[in-house]
Amino acid sequence: MKDGLTGKSIFRKDYEPYPWDVKQLHLFFDIGRETTTVRAEMQFHLKDGFKPSQAIVLNGKDLELLSVSLNDRPLGEGDFVVNGEALLIPDAPPISVLKTEVRIHPANNSALEGLYVSGEFLLTQCEAQGFRKITWFPDRPDVMTAYCVTMQADRSEFPVLLSNGNRVAAGELPGGRHWVRWEDPFRKPSYLFALVAGDLAMVEDHFKTRSGRDVVLRIYVEAENLDRCDHAMQSLVHAMRWDEDRFNLEYDLDIYHIVATNDFNMGAMENKSLNIFNSKYVLARPDTATDADYQGIEGVIGHEYFHNWTGNRVTCRDWFELTLKEGLTVFRDEEFSADMQSRAVNRIRVIRDLRSRQFPEDDGPMSHPIRPDHYVEINNFYTATVYQKGAAIIRMVHTLLGESGFQKGMKLYFERHDGQAVTCDDFMAAMADANGVNLDRFGRWYSQSGTPQVHVSDRYDAATRKYTLTLQQKTPPTHEQADKQALVIPFAVGLLTGAGGELPTQLETGTDVLEGTRLLVMEDEMQEYTFVNVPEKPVPSLFRDYSAPVRIFYDYSPAQLATLITHDSDAFVRWDAAQRMAVSAILELCKRSVNGLEMTLDAALLKAFQGMLADRAADPALLAEAMNLPEEDYLAEQMEVVDVDGIHAARKFIQRGLAGNLMVHFAQRYAELNDGQAYQKSSAAMARRALKNTCLGYLVETGLGESMAVAQLASSDNMTDTLAALKGLLQMDSPQAATALAEFESRWKADALVMDKWFSIQAVQPGPNTLNRVKELMQHPAFSIQNPNKVRSLIGVFAMLNPTGFHAADGSGYAFHADRVIELDGLNPQIAARMAAAFNRWKRYDEGRKSLMKSQLQRIAAVEGLSGDVSEIVNNALR
Ligand SMILES: [Zn+2]
């Protein structure tokens, strides 16, 4: 519940169980685009342990109430109370049948929550609290019930009528109308309800589960997209097989439906047996989708499918527990992608994402533990913290217990809680009990916000051949939580000789000698580990596989970093060493230019790049990751006061310097990889394209680049190569860029997803001209401010990924963006709030920019009737 501008917080500690068991819910929809009527019949049984004469409380929002009856007695005014989003019937009998009828208006629903229109069809989005925009109901995840849904509609306009579960009956009605009934045998919370009605085409496949059940798989899309569903279908089959093999979890219904829509606030939604997807995560053909799109589709299809167990069969008690289903399911989809593709490359992408999106959140005005203690608008808590950090914390549990211990815990979790709405504590208890360990102290990760810092120092004694690592952990205070406790931190470590050989390790306190990685567990604020029989001062390889989501501080010398980049056995450590070297070189240049000194190219970095370019043994995708310079927003996070232009200039100088000095090497590697072979979808082919296009990204900084990019554009048979070449021409400001953009536009103007890319590559261009270009593009026929994908790809990309544009010193970027936030708030508060978050880091900039951003935040905060969504974000930022 929220009350206008101020927004009232809801607290986790205030949880109270719902007094009623809802035995059944019958829904009757009379479907129309402009007006839909919804009749609901609910059976309420008072739960044991509650005193009689309880009130029944339902939630509803923007509903036109036509009638209410209780046990077949119509209720009039005075029999019930409507207060904000609550409808309360006092003193209800212990067994009550409640019937309501409401009218709603899908075509006017621009917030894309509840029932709304997308192109030729109607669909629903209910998580977190969209169901209350469909009908009056106790709209909270701990109220689970059996759904029976009957829909009737005009047959020609709405030939397809879908809901959750099994289709049990259907028939014709007079006047060209028809009806369909769906029953879901699994009790579920309202946020998992879904309905789709309209004119959709479909592809079908089958899956045989390990126990022999035949499952019909269908993907529904608009007819022109039928040839873009193959990859999504394959990904679904792989996900179903993988969940059986790795987690011993089998699908539980006879049908599994996916529906793709262009109008969606999120990525996708795991409604029981009727997933609804942003079309970005379904549709792919080599000429329209990049390798990253293909990988994204596989990951998101997996994610939503895996929710069937971790989310649907066992759900959350309340929304504070969101990470129970999301952290766990993200961990599962990360493991799925890692098993399907290159584990190392997947891991690095996950870590890069965590550091660039979640760390700033942990350090900003919206910091919160993965299980928050309070919120104003739950939609604002679908965050990188709940999802990505939540997954990192599950990964630590996996690291501590090992695969078989973790699976034992999962098994017990399902034995105990199948069909229930539970908490993170229940999950941790299952993990602990199944393994006979105590995880109470580890549980602090659930209640503490902020990114822990681990400072590592070392000393070597040649006489005793002892090497000691001292670790100190400290979590800086966050805006909502001053005091921090020591956390349990898994610390995976290896020791290398200066020449790069891996040393066996033996602790002073133990007798075992380990070849390779040793897992230590830090529990206190400070801990020392002494290794014996160490023949020389080693190079420490710290936090292998990023064994904990922490900031690691160790004073590496350039020579040590070079050893790790070339020789370490752990992909994360190799990548991280290359990133560290690049970060320190770029930040050093920033300092030099502030002090009026000339910029010079870091010799160690140059040598490291030369080594990587010559490495024919390493996975090309891994090399591409290591040679991609840290992004400007990540670099900004490493500075006390962000120097927007300095970072951009220094990064560009290094990119150019590396390109110029190593041009021959880049060109040679590019030529080897650009072998003219036809497109393939394999992981190996994707890895080769990744490195090839990384090389091209450097080569366009040299005299060779333009002709290479033009040739690649002309011969490309896939979107990855096309987009990389086009970006290259834009990056070098080539005279050919305008023509290439125009040709791309004329070829793809009718294709919503491809046009998103066209918007993005223009919005991300650095420099003062981009803001005007973005304004022009908002008038383009393919753009619509009502469509979240368009908003994200043009306005979102400009604000979040174009620092020199957004942070232009005159404040023009800020003013433009604040106008968009205000405009969007009237249409779609969820998306408006996401966009408003671009101002969250305002306090980290220079005085001029700070005051410009602050005044825009104040301007937004002062808007009359501002949504709770945006109000929570901007008021937190201003606090
Ligand atoms: Zn999810």
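There is no residue in segment 293-313 that is more than 18 Å from the chain's Cα centre (by Cα) and of a type in the set (Asp, Glu). Checking each residue in segment 803-829 for being free of Cβ contacts under 8 Å to residues at least 40 places away in the same chain and touching a Gly at 6+ places or on another chain (Cβ under 8 Å) picks out only PHE806. Is one or more of the residues making up segment 106-115 farther than 30 Å from LEU824 by Cα and either outside any loop (DSSP other than H, G, I, E, B) or not aliphatic (A, V, I, L, M) (or both)? Checked against the condition, which is being farther than 30 Å from LEU824 by Cα and either outside any loop (DSSP other than H, G, I, E, B) or not aliphatic (A, V, I, L, M) (or both), segment 106-115 yields no hits at all.
Checked against (1) touching a residue at least 40 places away in the same chain (Cβ under 8 Å); (2) out of contact with any Gly (no Cβ under 6 Å at 6 or more places or on another chain), ALA268 passes all but condition (1). Listed by position, the strands (runs of 3 or more DSSP E) contained in segment 1-88 that have at least 2 residues being of a type in the set (Val, Ile, Thr) are 36-46, 56-59, 81-83. Please verify whether VAL386 is crowded, with 18+ Cβ neighbours inside 10 Å and within 16 Å of the ligand (Cβ to nearest atom), treating the condition exactly as stated. Criteria met by VAL386. Would you check which residues across segment 10-32 are surrounded by fewer than 20 Cβ atoms within 10 Å (Cβ to Cβ) and touching a Pro at 6+ places or on another chain (Cβ under 9 Å) and list them? Across segment 10-32, the qualifying residues are ARG12, TYR18, GLY32.
For segment 573-587, the set of residues classified as surrounded by fewer than 21 Cβ atoms within 10 Å (Cβ to Cβ) and touching a helix residue (DSSP H, G or I) at 6+ places or on another chain (Cβ under 8 Å) consists of ARG580, VAL583, LEU587, listed by residue number. When residues in segment 252-284 are screened for being away from the ligand (no atom under 16 Å from the Cβ) and of a type in the set (Phe, Trp, Tyr), 1 of them pass.
Somewhere in segment 239-255, is a residue in contact with a Ser or Thr (Cβ under 9 Å, 6 or more places away or on another chain), of a type in the set (D, E, K, R), assigned to a loop (DSSP other than H, G, I, E, B) and free of Cβ contacts under 8 Å to residues at least 60 places away in the same chain? Scanning segment 239-255, I find at least one residue that is in contact with a Ser or Thr (Cβ under 9 Å, 6 or more places away or on another chain), of a type in the set (D, E, K, R), assigned to a loop (DSSP other than H, G, I, E, B) and free of Cβ contacts under 8 Å to residues at least 60 places away in the same chain, so the answer is yes.
Of all the residues in segment 300-341, those that are away from the ligand (no atom under 12 Å from the Cβ), within 21 Å of PRO549 (Cα to Cα) and in contact with a strand residue (DSSP E or B) (Cβ under 6 Å, 6 or more places away or on another chain) number 0.
Every condition in (1) in a strand (DSSP E or B); (2) under 15 Å from the mean Cα position of the chain (by Cα) holds for VAL259 except the one numbered (2). SER67 meets the conditions (1) small (Gly, Ala, Ser); (2) surrounded by fewer than 11 Cβ atoms within 10 Å (Cβ to Cβ); (3) at pLDDT 95 or above in every case but one. The failed one is (2). Of all residues in segment 314-338, those satisfying the criterion of being within 18 Å of the chain's Cα centre (by Cα) and of a type in the set (Val, Ile, Thr) are THR323, THR329, VAL330.
Taking into account only those residues within segment 186-228 that are free of Cβ contacts under 8 Å to residues at least 60 places away in the same chain and basic (Lys, Arg), which is farthest from LEU122 (Cα to Cα)? Among residues in segment 186-228 that are free of Cβ contacts under 8 Å to residues at least 60 places away in the same chain and basic (Lys, Arg), the one farthest from LEU122 (Cα to Cα) is ARG210. When ASP353 is tested against (1) away from the ligand (no atom under 16 Å from the Cβ); (2) under 28 Å from TRP842 (Cα atoms), exactly one condition is not met: (1).
Scan segment 131-159 for residues that are closer than 21 Å to GLU222 by Cβ and crowded, with 19+ Cβ neighbours inside 10 Å and jot them down. It would help to see each step written out before you state the result.
Start the filter on segment 131-159 by keeping residues that are closer than 21 Å to GLU222 by Cβ, which leaves 151, 153-159.
Within segment 131-159, MET151, ALA153, PHE158 qualify.
Residues of segment 528-553 that are out of contact with any helix residue (DSSP H, G or I) (no Cβ under 9 Å at 6 or more places or on another chain) and not in a strand (DSSP E or B): VAL532, ASN533, VAL534, PRO535, GLU536, LYS537, PRO538, VAL550.
Right, ALA809: more than 24 Å from GLY114 (Cβ to Cβ) and outside any helix (DSSP H, G or I) or not? Criteria met by ALA809. Given the condition part of a helix (DSSP H, G or I) and closer than 30 Å to LEU115 by Cα, answer yes or no: does some residue in segment 839-850 qualify? Within segment 839-850, none of the residues are part of a helix (DSSP H, G or I) and closer than 30 Å to LEU115 by Cα.
In segment 673-779, counting only helices (runs of 4 or more DSSP H) that sit wholly within it, the ones holding 2 or more residues that are in contact (Cβ under 8 Å) with a residue 40 or more places away in the chain, under 29 Å from the mean Cα position of the chain (by Cα) and more than 30 Å from ASP615 (Cα to Cα) span 752-763, 770-777. Of the helices (runs of 4 or more DSSP H) entirely within segment 333-450, those holding at least 3 residues that are farther than 21 Å from HIS303 by Cα and at pLDDT 95 or above occupy 359-362, 390-417, 424-435, 444-447. Only one entry of THR497, THR451 meets the criterion of being more than 16 Å from the ligand (Cβ to nearest atom) and either touching a Lys or Arg at 6+ places or on another chain (Cβ under 8 Å) or without any contact (Cβ under 8 Å) to a residue 12 or more places away in the chain (or both), and that entry is THR451. Among the residues of segment 780-799, which ones are of a type in the set (Gly, Ala, Ser) and assigned to a helix (DSSP H, G or I)? SER793, GLY796, ALA799 - these are the residues of segment 780-799 that are of a type in the set (Gly, Ala, Ser) and assigned to a helix (DSSP H, G or I). The condition (being touching a Gly at 6+ places or on another chain (Cβ under 8 Å) and exposed (fewer than 14 other Cβ atoms within 10 Å of the Cβ)) is satisfied by just one residue among GLY498, GLY494, GLY516: GLY516.
The values are calculated or read from the model by the stated rules, or taken from the named source; none is laboratory data. This one's a predicted model, so the numbers in the text were calculated from it and none came from an experiment. All Cβ positions, glycine included, derive from the backbone under ideal geometry; neighbour counts span all protein chains shown.
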